[in-house]
Amino acid sequence: MDLTVWAHDLAESLLADPLPRRWAHSQGVAARAESLAAILGEDAELLWAAAMLHDIGYAPSLAVTGFHPLDGARCLRDNSAAEERLVRLVANHSCAVLEAEERGLREELEAEFPVLERGELVDALVYCDMTTAPTGVPTTVDTRLAEILSRYGRDSAVGRFIRRAEADLRAAVHRVEARLAEAER
């Protein structure tokens, strides 16, 4: 089966009914990934699949640890024939290792799913996630970070993580924007 069809169908089956807003976000993140095809070449399909699947760990049927990158990656690893790079992208999306640390899960995450060495793919998934609103529409990284802090609160585990990761998240978005600008020349 085609990777993108499989990723779409899996994400839809896990998110559409129980978490329609999360499903809308995932579709928007995948649409953003599609816009990066020109700078990713042969990895464009992999990024699209990771974008579509990045939040499946929020699905009530998968939530074991309560940390969605880890729960989603474990589902992909244990219940599918997903390629290792895809699983590792989902596990580590948007600086997840820093949130894992806030939750006491960093060692577990790093041991099971080391960060992918392909920095441009890691950056691309950050870009897609951090420039897509919860409703699935494009937004700016500034607006997205402010929205996350507002929704979760500055002193929650997510709020503390976002404040720690903010510079790295912004830098990844800016690197992708620079690559896009260069490709348009």
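The values are calculated or read from the model by the stated rules, or taken from the named source; none is laboratory data. Here the structure is a predicted model, which means the values were calculated and not measured. Ideal geometry is used to build each Cβ from the backbone, glycine not excepted, and the neighbour counts take in all protein chains shown. The area values use the complete protein model at the heavy-atom level, side chains included, leaving out ligands, DNA and RNA. Shrake-Rupley method; radii C 1.70, N 1.55, O 1.52, S 1.80 Å.
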| field | trypsin sites (Lys or Arg not before Pro) within the range 134-171: DSSP coil, no more than 14 neighbouring Cβ in 10 Å | value | Arg154
| note | Carbon plus sulfur, as percent of the 1.4 Å-probe accessible area of the range 124-179, comes to 56
| remark: Expressed as a percent, the accessible surface of the range 62-116 that is carbon or sulfur, using a 1.4 Å probe and the full set of protein chains, is 47
| request: Kindly point out which whole DSSP H helices in the chain project their C-alpha atoms 15 angstrom or further along the helix axis while averaging a Kyte-Doolittle hydropathy of 0.5 or above. | output: 3-15, 119-130
| request: Taking the convex hull of the Cα atoms, report for the chain its projected area averaged over all directions, in nm². | output: 9.7
| note | Here the residues of the range 150-185 lying in the modelled label zone of Ser35, meaning backbone nitrogen under 11 Å from a point 7 Å along Cα-to-Cβ, are 177
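Test of the criteria: in the range 1-81, which trypsin sites (Lys or Arg not before Pro) are in a DSSP loop and have at most 12 other Cβ atoms within 10 angstrom of their Cβ?
none
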| Choice from Ala124, Ala11, Ala157 with maximal GNM fluctuation in the chain (Cα, 10 Å cutoff) | Ala157
| task | Take the Cβ-Cβ distance between Ser13 and Thr140 as r, set R0 to 22 Å, and report the resulting FRET efficiency rounded to the nearest 0.05. | result | 0.10
| said: Based on alpha-carbon centroids, what's the gap between the range 19-60 and the range 72-110 in Å, whole number please? | reply: 15
| Put a dot 7 Å past each Cα toward the Cβ at Tyr152 and Val5; how far apart are the dots in nm? | 3.6
| task | With springs only between Cα atoms under 10 Å apart, run a GNM on the chain and tell me which of Ala59, Ala38, Ala100 wobbles the most. | result | Ala38
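For the range 1-75, what's the relative contact order in percent, using C-alpha pairs closer than 8 Å and at least 6 residues apart?
Value for the range 1-75: 31 percent.
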| Extension gain (nm, one decimal) between Ala133 and Arg164, 0.36 nm per residue minus Cα-Cα | 9.1 nm
| Stretched out fully, how many nm does the piece from Arg175 to Glu84 gain, at 0.36 nm a residue minus the Cα gap? | 30.3 nm
| If you place +1 on the Cβ of every Lys and Arg and -1 on the Cβ of every Asp and Glu, how big does the dipole about the Cα centre of the range 1-130 come out, in debye to the nearest 20? | 300
| query | By accessible area of protein heavy atoms, probe 1.4 Å, what ranking do Asp9, Asp55, Asp17 get, highest first? | reply | Asp17, Asp9, Asp55
| query | Using the heavy atoms of the protein chains alone and a 1.4 angstrom probe, what is the accessible area of the chain per residue in square angstrom? | reply | 46
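Averaging sequence separations of C-alpha pairs under 8 Å and six or more residues apart, then dividing by the length of the range 20-121, give the relative contact order as a whole percent.
21
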